[in-house]
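Rule-based calculations on the coordinates, nothing more; no lab input. Computed from a predicted model, the values in this text were never measured in an experiment. Here the Cβ positions follow ideal geometry from the backbone for every residue, glycine too, while neighbour counts run over all protein chains shown.
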Amino acid sequence: TQLLEQSPQFLSIQEGENLTVYCNSSSVFSSLQWYRQEPGEGPVLLVTVVTGGEVKKLKRLTFQFGDARKDSSLHITAAQPGDTGLYLCAGALFGNEKLTFGTGTRLTIIP
Amino acid sequence: NAGVTQTPKFQVLKTGQSMTLQCAQDMNHNSMYWYRQDPGMGLRLIYYSASEGTTDKGEVPNGYNVSRLNKREFSLRLESAAPSQTSVYFCASRLRSMNTEAFFGQGTRLTVV
């Protein structure tokens, strides 16, 4: 079992709709990161959230770190076909360099 | 900017053969990682190295060995390949901190027949 569970695993929605992806764990993380991966490429960092309860916005993407530092969410407003990809959360426990990735959410935006 | 370089990009092995995947980074990063990614899935950590001379097991280390040759290079070895090791392998590196960005190589697509 992976330390970080993402839901949903797959999501296919129409262009213009809103969506939320979740990243959950029973462990407390020093920070959580969100990456996006395109086919044939390695993941690329979108954001890092560090403080419990923190909210960060990146254009139409809003990231939140849970108050207890065990979970995070990614909300996309007015999804566009360019948002299509595999979204991965990742985190490290306090005092540990081990970087663990979540199970992934494959997002498809239909024009 | 080379970043993280992995070789080879593609490899086909027969069951029981051995091979070494190479990874090098030119960003002076302390921590390096090896992951495998199966179709449509997230990344699973095989081994990592927090600094030169140290290596630690990740979630799925069985069947693999690693060497942190120096600060730049971190290799992954399959001693006796099995079909279950068919996957895409990614190497990553980052500065030694819990909050820094991980940079990835382009991946090695390995097929074991």
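Note down the relative contact order for chain A as a percent, whole number, built from C-alpha pairs under 8 angstrom at least six residues apart. Could the numbers behind the result be given before it?
Working: 284 pairs, mean separation 41.2, N = 111.
RCO, chain A: 37 percent.
Using r as the Cβ-Cβ distance of A:His75 and B:Ser84, and R0 as 35 Å, what FRET efficiency do you calculate, to the nearest 0.05? Display every interim value, and only then the final one.
On the way: r = 37 Å, r/R0 = 1.05.
Efficiency computed from Cβ-Cβ geometry: 0.45.
Using label points projected 7 Å from each Cα along Cα→Cβ, tell me how many nm separate A:Glu17 and A:Leu93, to one decimal.
Result for the modelled spin labels: 3.8 nm.
Mind listing which chymotrypsin sites (Phe, Trp or Tyr not before Pro) in region A:21-107 are in a DSSP loop and have 12 or fewer other Cβ atoms within 10 Å? Walk me through the numbers on the way to the answer.
Numbers: sites: A:Tyr22, A:Phe29, A:Trp34, A:Tyr35, A:Phe63, A:Phe65, A:Tyr87, A:Phe94, A:Phe101; in loops: A:Phe94.
Sites meeting the loop and neighbour criteria: A:Phe94.
Would you please give the residues with an amide H less than 5 Å from that of B:Gln17, counting only those at least 5 places away or on a separate chain, with H modeled from the backbone geometry?
B:Ala81
So if I restrict to the alpha-carbon atoms in chain B, what is the Rg, and what is Dmax, the biggest pairwise distance, in Å?
Every Cα atom of chain B included, Rg and Dmax give 13.2, 40 Å.
What list of ³J(HN,Hα) couplings, whole Hz, do you get for region B:83-97 from phi and the Karplus terms 6.51, -1.76, 1.60, once you set θ to phi - 60° and write x for glycine and proline?
For region B:83-97, the Karplus-derived couplings read x, 5, 8, 5, 5, 9, 10, 10, 9, 9, 9, 7, 5, 6, 6 Hz, x marking Gly and Pro.
Would you please classify the overall shape of region A:1-82 from the alpha carbon gyration tensor, given that a ≥ b ≥ c denote the square roots of the eigenvalues, rounded means a/c under 1.5, and beyond that prolate means a/b larger than b/c while oblate covers the rest?
Details: a/c = 1.67, a/b = 1.43, b/c = 1.17.
It is prolate, given that a/c is not under 1.5 and a/b is the larger ratio.
Using the Cβ atoms and a cut-off under 14 Å, what net charge is assigned to the surroundings of A:Gly42, where Lys and Arg are +1 and Asp and Glu are -1?
On the way: positive: A:Arg36, B:Lys9, B:Arg36, B:Arg94, B:Arg109; negative: A:Glu38, A:Glu41, B:Glu101.
The answer is +2.
Count the DSSP beta bridges whose two residues both fall in chain B, then state the antiparallel fraction as a percent rounded to the nearest 5. Mind dumping the intermediate values first?
Working: 33 of 37 bridges.
Restricted to chain B, the bridges split so that about 90 percent are antiparallel.
In what order do A:Thr84, B:Thr7 fall by count of nearby beta-carbon atoms within 10 Å, going from fewest to most? Before the final figure, lay out each step's value.
On the way: A:Thr84 17, B:Thr7 14.
Starting with the residue having the fewest Cβ neighbours, the order is B:Thr7, A:Thr84.
Among A:Asp67, B:Asp56, rank each residue by its count of other Cβ atoms within 10 Å, from fewest to most, as a rough exposure measure.
Numbers: A:Asp67 11, B:Asp56 14.
The fewest-first ordering by Cβ neighbours comes to A:Asp67, B:Asp56.
Quick one: if the Förster radius is 25 Å, what FRET efficiency do A:Glu38 and A:Ala68 give, using the C-beta to C-beta distance and rounding to 0.05?
On the way: r = 32 Å, r/R0 = 1.28.
Taking R0 as 25 Å, the efficiency between A:Glu38 and A:Ala68 is 0.20.
A:Ile110 to A:Leu45: extension gain in nm, 0.36 nm per residue of separation minus the Cα-Cα distance? All intermediate terms of the calculation are to be shown ahead of the outcome.
Numbers: separation 65, 0.36 × 65 = 23.40 nm, distance 2.38 nm.
Contour length minus Cα-Cα distance gives 21.0 nm.
May I ask for the net charge around A:Pro111, where only other residues with Cβ less than 13 Å from the Cβ of A:Pro111 are counted and Lys, Arg are +1 while Asp, Glu are -1?
Here the charged neighbours net out to -3.
With θ set to phi - 60° and the Karplus curve 6.51 cos²θ - 1.76 cosθ + 1.60, what are the ³J(HN,Hα) couplings of region B:9-26 in order, to the nearest whole Hz, using x for Gly and Pro?
Whole-Hz 3J(HN,Hα) from phi for region B:9-26: 7, 9, 7, 10, 10, 8, 3, x, 6, 10, 6, 10, 8, 9, 9, 9, 10, 10.
Within region B:6-20, which residues have the backbone N less than 20 Å from the label spot 7 Å out from B:Ser67 along Cα→beta-carbon, could you tell me?
Residues B:6-9, B:17-20 fall inside that zone.
Just subtract the alpha-carbon distance of B:Met19 and B:Arg96 from 0.36 nm times their residue separation and send over the number in nm, one decimal.
Computed gain between B:Met19 and B:Arg96 is 24.9 nm.
Determine the sum of side-chain charges near A:Tyr87: Lys and Arg each +1, Asp and Glu each -1, restricted to other residues whose C-beta is under 14 angstrom from that of A:Tyr87.
On the way: positive: A:Arg36, A:Arg60, A:Arg106; negative: A:Glu5, A:Glu38, A:Glu41, A:Asp83.
Every neighbour counted, the sum reads -1.
With a cap of 12 neighbouring Cβ atoms within 10 Å, and only residues DSSP puts in a loop, list the GluC sites (Glu not before Pro) found in region B:63-103. Walk me through the intermediate numbers first.
Values: sites: B:Glu73, B:Glu79, B:Glu101; in loops: B:Glu79, B:Glu101.
Loop-located and lightly packed - B:Glu79.
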